[in-house]
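Taking it in order: structure first as structure tokens, then the write-up.
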Amino acid sequence: MKLFVFPVSMYSHKVMIALREIGAPAELVPVNPLAPSPDAEFLKYSPWQRVPILVDGDAAVAESSIIIEHVNLSQAGGVHLIPEDPRAAVAVRYADRVLDWYLITPLRQLFFEGLKPAHKRSARRFASAHEQIEDTFGWLEGELRRSEFLAGKSFSMADCGAAAALNRAATVHPFGNYRQLSAYFDRLRLRPSFAETTRYADEYAAQNPGLAAAIEKLDVEQFAIALTPL
Ligand SMILES: N[C@@H](CCC(=O)N[C@@H](CS)C(=O)NCC(=O)O)C(=O)O
């Protein structure tokens, strides 16, 4: 299997964490979807220029959650990131949708707003993204009072998305007084799947000077460096 990733992207991290948890190794192919002319093979599989994309034999699978479903299906035993019990599976898919729409989406809005030259940035759009992140933190705090993981007793697809998103949120929208959320993020960070994924991102950022700092500061000049093709 081959997984096209942008090494610092939240959706890529979500899938990288999942594959490591499942123990389904894939060759990671780093691409920059924001580059003016991205890798031609990547474009063949992703006409939308979006990562991640999984290539498994003849199948090319897009969309982070569907990639995880695809790999999860081929697991005969071992770790299942989507429970076999249908009701428990719905809870996992629900949390996964909430995270994609109401946490990763506003975090991406902050990123893309930060890419714009200062005079084109909108205080209203920044505020609306922060407000949505805050609402989702409140929801997460309530869920985490009930269980150790986001959607039940065991680590699932929902926790993969949460780990990827909270890692970005920690730099641009701190957890404040959300104590359950902070403690949950600390637990996620201890997982080897998270550590390996962030190590890969850090190594990539180290080879692309300015990128890590750009993400932290959402600094428009440094983001220009992030746009340099791989
Ligand atoms: N719904 C998609 C979203 C994928 C996505 O937006 N990926 C971002 C990276 S985090 C991307 O490729 N962005 C490039 C762009 O927006 O041009 C998924 O779950 O995989």
Tell me which residues, restricted to the range 63-97, are more than 13 Å from the chain's Cα centre (by Cα) and under 26 Å from G138 (Cα atoms).
-> L81, I82, P83, R87, A88, A89, V90, A91, V92, R93, Y94, A95
Odd one out for F112 among (1) within 17 Å of C160 (Cβ to Cβ); (2) within 19 Å of the chain's Cα centre (by Cα) | (1)
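Each row is one residue, and each column tells you yes or no for (1) without any contact (Cβ under 8 Å) to a residue 24 or more places away in the chain; (2) basic (K, R); (3) in a loop (DSSP other than H, G, I, E, B); (4) surrounded by 18 or more Cβ atoms within 10 Å (Cβ to Cβ).
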position	(1), (2), (3), (4)
S154	no, no, yes, no
A158	no, no, no, yes
G161	no, no, no, yes
N167	no, no, no, yes
T171	no, no, no, no
Q180	no, no, no, no
F185	yes, no, no, yes
L188	no, no, no, yes
Could you figure out which of (1) closer than 25 Å to P174 by Cβ; (2) touching a residue at least 24 places away in the same chain (Cβ under 8 Å); (3) aliphatic (A, V, I, L, M) isn't true of A123?
-> (2)
Close pairs from the range 2-15: first more than 13 Å from N167 (Cα to Cα) and at pLDDT below 95, partner among the small types (G, A, S) and more than 9 Å from the ligand (Cβ to nearest atom), Cβ under 9 Å, at least 6 apart | P7/A201; P7/A205
Can you name the condition, by its number, that P86 falls short on among (1) within 16 Å of the ligand (Cβ to nearest atom); (2) on the phi < 0 side of the Ramachandran plot; (3) out of contact with any His (no Cβ under 7 Å at 6 or more places or on another chain); (4) without any contact (Cβ under 8 Å) to a residue 12 or more places away in the chain?
-> (1)
If you go through the range 73-82 one residue at a time, do you hit one that is surrounded by fewer than 19 Cβ atoms within 10 Å (Cβ to Cβ) and outside any loop (DSSP other than H, G, I, E, B)?
-> yes
Examine the range 93-108 for a residue that is part of a loop (DSSP other than H, G, I, E, B) and either more than 19 Å from F155 (Cβ to Cβ) or within 12 Å of the ligand (Cβ to nearest atom) (or both), and state whether such a residue exists.
-> no
Which numbered condition H130 fails, given (1) closer than 18 Å to M10 by Cβ; (2) modelled with pLDDT of 95 or more = (2)
Strands (runs of 3 or more DSSP E) wholly inside the range 1-67 that include at least 2 residues being within 11 Å of the ligand (Cβ to nearest atom) and buried (at least 23 other Cβ atoms within 10 Å of the Cβ) = 2-5, 53-56
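The values are calculated or read from the model by the stated rules, or taken from the named source; none is laboratory data. Since this is a predicted model, take the numbers as computed values, not measurements. Cβ sites come from the backbone with ideal geometry, for glycine too, and all protein chains shown count toward neighbours.
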